[in-house]
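Heads up, the thing below is written out as structure tokens.
The numbers here are math on the coordinates, done by the rules we state, and not lab data. Because the structure is a prediction, the values reported are computed rather than measured. Glycine also receives a Cβ, built like all others from the backbone with ideal geometry; neighbour counts cover every protein chain displayed.
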Amino acid sequence: MLERIRAAVPALSPAEQRVARLLLEDARAFAELPVAELAERANVSKPTVVRFCRSVGYGGLADFKRRLAGSVNEGVPFVHRAVDAGDRPSELIVKVVDNAIGAMLAYRNQAAPHAFERAIDALEQACRAQRRIEFYGVGNSGIVAQDAQHKFFRLGVTATAVSDGHVQVMSATMLQPGDCAVIISNSGRSRDLLDVADIARRRGATLILVTASATPLAQSGSNGAHQILLSVDHPEDADRYSPMVSRLLHLMVIDILTTGLALRLGSESLQPMLQEIKKNLRNRRYVNGN
């Protein structure tokens, strides 16, 4: 909830932005203070406080405070940061979806277009020169790497997802200048992936790092011409919660890279091939229309 509101601040009126800043400074206090004191602290009128609550998608101050009280807790450790143990399915739907939407909106506002442009440039050059593109990830990030391989495969691009630590070392050792190593990590602290990044860097490959900006993986190396950081920062604590939001964000990054590469490769040859793939897959269905 707080991440979604933080992402919505630029679209609010100046007076409502003051209310939003008051909320984001101390959400617990905001949930407990009466409307008169909230208005005084934000230097706005009482109707403005109510209008702010409605602008961010709630029925009024009472509804907003009730939802806020459930959002400022620490969730259920090792399950989900946005839910309470006694939540009903209707509440789970709202909280889990709002948590994901808030993280995506925040990422949309924070993503660096220049870094994506560099990454798409490197992938395009590797494709046109028929160089290797390797996706590395372990655990949940290994699943994202497999999704990336599948998406690139549909474009007719030869790419490989590697999640076994020993195979990753062998794969990175065979990289050469012009190849791309896309390393995906939620924690950015996996010893296997740090080793792979070091090997690929020494081999002269271009590194594309998909991880949080403050992690050891993001801060490794020189961040020079052959290393591109696509930082994915989010509030999910990897030590206490299952990586749900981070996986969605990483999948979204892969979607952006895939879409950008498809546009670069051109539609004249790509679209007929994708159309043929769809046609052949449709013929595999047992019942028409399903």
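Dividing the convex hull volume of the alpha-carbon atoms in region 112-280 by its residue count gives 111 Å³ per residue.
Most tightly packed first, judged by the mean number of other beta-carbon atoms within 10 Å of their residues, the peptides 178-187, 141-150 read 178-187, 141-150. Amide hydrogen proximity for Leu229: with H placed 1.01 Å from N in the peptide plane, the residues at 5 or more positions away or on another chain lying under 5 Å are Leu209. Note: relative contact order over the chain, using C-alpha pairs below 8 Å and six or more positions apart, is 15 percent. Cβ-Cβ distance of Ser90 and Arg202, R₀ of 41 Å, FRET efficiency by 1/(1 + (r/R0)^6): the value works out to about 0.15. For the pair Gln176 and Ala62, a Förster radius of 45 Å applied to the C-beta separation gives a FRET efficiency near 0.10, rounded to the nearest 0.05. Remark on the chain: Rg and Dmax equal 22.6, 66 Å (Cα only). Going by neighbour counts of Cβ atoms within 10 Å, the residues Met252, Met1 line up, fewest first, as Met252, Met1. Of the DSSP H helices in the chain, those that are both long (alpha-carbon extent of 20 Å or more along the helix axis) and hydrophobic (Kyte-Doolittle mean at least 0.5) are 245-265.
Full extension of the segment from Asp195 to Leu274, taken as 0.36 nm per residue of separation minus the current Cα-Cα distance, would add 24.8 nm. Residues considered: Lys46, Lys278, Lys95. Largest GNM mean-square fluctuation over the chain, using C-alpha springs under 10 Å, is found at Lys278.
Beta bridges per DSSP, both residues in the chain: antiparallel share near 5 percent.
When N counts the residues of region 2-109, how does its alpha-carbon radius of gyration compare numerically with 2.2 N^0.38 Å, as a ratio?
Values: Rg = 13.8 Å, N = 108, 2.2 N^0.38 = 13.0 Å.
So the Cα radius of gyration is 1.06 times the expected 2.2 N^0.38 Å.
With R₀ fixed at 45 Å, the C-beta to C-beta distance from Gln146 to Ala27 puts the FRET efficiency at about 0.75. Is it possible to state the helix-based mean residue ellipticity at 222 nm for the chain, with each DSSP H run of 4+ residues giving -39500 (n - 2.57), the sum divided by total residues, to the nearest 500 deg cm²/dmol? What is it? Per the formula, -18000 deg cm²/dmol.
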